Amino acid sequence: MNIRYFTIIILLHSVLSASADKKMTIRNYDTGESFEVSVPDGMRIYEYNSNWLDSIPYLLERARYGEPWAYEALGDCYRYGKGGVDRSMFKALAYYSLSGKDIEEIAKESIKENPIDHLGLIFKLIDKLECNDNNGTLVLLDTLKQEQYADADILRDYINETDTLLLADTVERHIMSPEISTDKMMFAIIGCVYRNCMPDSLRHKDGMLTAMGVKFPYIYDKIAVKFLRENHEDMDSVKLAEKKTKAITFLELADKEAMLSREGAENLYRHYNSEIEAGRMVPDTDNMERLATVARLPESEIFIFTDK
């Protein structure tokens, strides 16, 4: 598996492009910091009381309703460390992707406007890795570190270390350690892909998958969607039921952080629908409508019911 393919799988690069021609100001009341975000044409801006536009929780809630401007605003927050969150290029890219943006195009435009833009340099870094250009990779790592982005520096260990078993053990520690940031973890995983030393535990141990998801909730969505999409005829019914339950839990965790993809939302919607029909769940009209909106389900596929 090549590095770009792995990275794009994580970030869901194949999305629809979206236009944005309005601006909205988001203000953090705690810091007094303000910044602009794009608002797609047609949004009912008058619905949003400006006093609410001051927090990550508010943006997360609007993103959970599938509103592109909120995804984009969250992308800006994580990209630049605004709104009180720690910077994370990977979380920024995930939110940009969910907003309908072409993340590779964003990276290209960013590097044109600013040759030392972190997001643009990261995409150049991946190109160098794909080409097995170690010298070029090290130069870019030096540049990123000089420009106050050191999370990618973890790749040096994976480029220079000759013991692949040691690397496999190292990536497990990087994933499990609460002190390792989201971006460091992601670069450690990319380093393992680069060196072709991905440990089996990364794919099969629930503890590892959960630790990855805690740092980067979008992974919850990707793991769950992949499992639910696959054919599991070789799995016994008890094990299959356990895995499906785990997949639904992962989707709910991704949903909580507004990192639920369209396919993830559709899977969650259809699961809740089946639970409601079986009498195991009380209908929640608002939540079902929200998930149908995020999944962009056609009217013909939306379940009609009334709250009891």
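The values are calculated or read from the model by the stated rules, or taken from the named source; none is laboratory data. Please read all numbers here as calculations on a predicted model, not as lab measurements. Using ideal geometry, Cβ is built from the backbone for each residue, glycine included, and neighbour counts are taken over all protein chains shown.
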**OP:** Check 138, 121 and return the single one that is modelled with pLDDT of 90 or more, surrounded by 15 or more Cβ atoms within 10 Å (Cβ to Cβ) and closer than 24 Å to residue 198 by Cβ.
**Re:** 138
Original post:
Just a yes or no: is a residue in the stretch 237-245 out of contact with any Gly (no Cβ under 6 Å at 6 or more places or on another chain), at pLDDT below 95 and among the acidic types (Asp, Glu)?
Top reply: yes
Original post:
Yes or no: residue 122 outside the structural domain of residue 88 (by TED's automatic domain parsing), under 30 Å from residue 66 (Cα atoms) and part of a helix (DSSP H, G or I)?
Top reply: yes
Subject >> Which listed residue, of 157, 102, is under 25 Å from residue 209 (Cα atoms) and either touching a residue at least 40 places away in the same chain (Cβ under 8 Å) or surrounded by 15 or more Cβ atoms within 10 Å (Cβ to Cβ) (or both) >> reply: 157
Subject >> Flag for residue 163 being of a type outside the set (Gly, Ala, Ser), closer than 26 Å to residue 213 by Cβ and at pLDDT below 95 >> reply: no
Original post:
Condition test on residue 275, is it within 22 Å of residue 229 (Cβ to Cβ), among the charged types (D, E, K, R) and within 17 Å of the chain's Cα centre (by Cα)?
Top reply: no
Original post:
Take the residues of the stretch 139-180 that are part of a loop (DSSP other than H, G, I, E, B) and among the β-branched types (Val, Ile, Thr): which is nearest to residue 201 (Cα to Cα)?
Top reply: 180
Original post:
List the pairs whose first member sits in the stretch 55-71 and is at pLDDT 90 or above, whose second member is part of a helix (DSSP H, G or I) and surrounded by fewer than 21 Cβ atoms within 10 Å (Cβ to Cβ), and whose Cβ atoms are under 6 Å apart, counting only residues at least 6 apart or on separate chains?
Top reply: 65/290; 66/293; 70/62
